[in-house]
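The structure appears right after this line, and notes come after that.
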Amino acid sequence: MSDWVTLTARAIDGPLVLRDIDPAKVAGLSEHEIAALPVSAGSRRGALGDFFSVQGERSSRVRVVGTTRDIEGVGTGMTGGELEIEGDAGSLIGAGMRGGTLRVRGNVGDDAGAAMSGGVIRIDGDAGARLGGNTPGASRGMSGGEILVLGSAGPEAGTRIRRGLIVVAGDTGRDAGRAMIAGSLVVLGSCGEGAGRGGKRGSVVACGAISVPATYRYACTYQPPHVRLTLLYLARRHGLSIDGPVIDSLFRRYCGDAGDPGKGEILERVASV
């Protein structure tokens, strides 16, 4: 038994789809069995050992190192354990994830955390489009778990999310929280145009600049207890650097989307108490 199973990427010619690496399952496999796990690179199918050297066995902690930016689908359907990517990664990271912890020490492509239902994804860099959103043709996005992005996120972060928490420490692109069904999207930076558009329920918490859609109506200015608790949790559990004045802020509450109509909210930070 090893502390970590380390997968070191060899030279990869084009995108490599790596969808069957679940630390909870790797925990019961030998080094040879791990190397035999299936992967695909375009139309080519092969074994994990064709593309990675494998060190370690029978551990629920897996580390992927080497040239990782063209590797897609890491952590898809993950159910438990720990999975770390030491660098950038491609699209669909943690898609359909159900449990465990996935950390990327770099940037990721589009659709990270798509349709996930549990677990924690931590991205140290930036994320692409549709963070935590729905897969093509699906009626909803993530339905549980947490996604934490220390950088910025592209357009449509949190599209159609049903439950769960998405936190972006930087800025988001257009249509953040579009058509939210429930859940929470917390943006410590600025939100792009159209945030919360078409929302049914759920909360968009804007600690930076936001242009509230005209279809939302102003309700009140207050200090939401759940926002303060969430910000304290992020600072203590995940080590985010959040100033006291932000944690103790007042927020303007807007209800909407009236064009749907919906029962969601946009909370816009205005001042500290």
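Taken together, the values in this text are just the output of simple stated rules run on the coordinates, not laboratory data. If you're wondering where the values come from, they're calculated on a predicted model, not measured in any experiment. All Cβ positions, glycine included, derive from the backbone under ideal geometry; neighbour counts span all protein chains shown.
Just checking the listed ones, GLY259, GLY90, GLY183: in the Gaussian network model of the chain with Cα springs under 10 Å, the one fluctuating most is GLY259. With point charges of +1 on the Cβ of Lys and Arg and -1 on the Cβ of Asp and Glu, referenced to the Cα centre of the stretch 1-62, which listed residue (GLY56, ILE34, GLY46) lies farthest in the positive direction of the dipole? Value computed over the given set: GLY46.
What FRET efficiency do you get for SER117 and LEU232 if R0 is 22 Å and r is their Cβ-Cβ distance, rounded to the nearest 0.05?
Details: r = 25 Å, r/R0 = 1.15.
E(calc), rounded to 0.05, equals 0.30.
Largest mean-square fluctuation among ARG45, ARG98, ARG160, in a Gaussian network model of the chain whose springs join Cα atoms under 10 Å apart, belongs to ARG45.
Between ALA138 and ALA36, the contour length at 0.36 nm per residue exceeds the Cα-Cα span by 33.5 nm. Among beta bridges from DSSP that stay inside the stretch 51-206, the antiparallel ones total about 0%. Normalised by the number of residues in the chain, the average gap of Cα pairs under 8 Å and 6 or more apart makes the relative contact order 10 percent.
For the stretch 168-223, the square roots a ≥ b ≥ c of the C-alpha gyration tensor eigenvalues yield an a/c under 1.5, which makes the shape rounded. For the options ALA209, ALA182, ALA195, a Gaussian network treatment of the chain with springs between C-alpha atoms closer than 10 Å singles out ALA209 as fluctuating the most. Computed from the alpha carbon positions, the gyration tensor of the stretch 107-174 leads to an equivalent ellipsoid with semi-axes of 17, 13, 9 Å, biggest first.
If both residues of a DSSP beta bridge must be in the chain, then about 35% of such bridges are antiparallel. Of the Cα atoms belonging to the stretch 34-104, the radius of gyration and Dmax stand at 11.8, 30 Å.
When +1 charges are put on Lys and Arg Cβ atoms and -1 charges on Asp and Glu Cβ atoms, the dipole computed for the chain relative to its Cα centre reaches about 980 debye.
Taking one quarter of the surface of the convex hull spanned by the alpha-carbon atoms of the chain gives a direction-averaged projected area of 13.6 nm². Rg/Rh, computed from the Cα trace of the stretch 1-62 with Rh as the Kirkwood radius, has the value 0.97. Label-to-label distance for ALA209 and ALA47 is 5.5 nm, based on points extended 7 Å past Cα in the beta-carbon direction.
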